[in-house]
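Down below is the structure, laid out as structure tokens.
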Amino acid sequence: MQTIMIYLLFINVIAFFLYGSDKQKAKKNQWRIPEKTLILLAVAGGSLGAFTGMQVFRHKTRKPVFRYGIPFIILCQAGMFLFFLYKMF
């Protein structure tokens with residue numbers, strides 16, 4: 001369980017900072033982080049970091065795949081967490 005928590009912390013921090021990095025690159029008209037990578041980070045467990053990064057950096061908040069997709073991923077992951085928590089006890 002501790003390993004999972006460390007992984008989730010790590011992936012969320014990475015997601016948060018990559019959203020910030022992509023926003024800075026967008027402002028400077030530089031090479032960007034692919035949207036698939038940003039979504040994949042959320043699916044891989046970094047959804048809270050991705051959502052927080054979207055809000056803090058005001059990045060990808062207008063695109064429907066991010067605006068609705070990231071909260072949907074959070075809900076799915078929360079549902080899976082509650083399901084496994086229920087099965088454990």
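Scan segment 14-28 and report the pairs whose first residue is free of Cβ contacts under 8 Å to residues at least 24 places away in the same chain and whose second residue is among the hydrophobic types (A, V, I, L, M, F, W, C) and surrounded by fewer than 18 Cβ atoms within 10 Å (Cβ to Cβ), with Cβ atoms within less than 9 Å and a gap of 6+ or a chain change.
So the pair list comes out as 21/33; 25/31; 25/33.
Could you please tell me which pairs satisfy a Cβ distance under 9 Å, a separation of 6+ or placement on different chains, a first residue in segment 62-89 that is under 20 Å from residue 12 (Cβ atoms), and a second residue that is among the acidic types (Asp, Glu) and in a helix (DSSP H, G or I)?
These pairs meet every condition: 65/35; 66/35.
We did not get these values from a lab; they are worked out from the coordinates using the rules stated. Source: prediction; values computed, not measured. Positions of Cβ are backbone-derived with ideal geometry, glycine not excepted, and every protein chain shown enters the neighbour counts.
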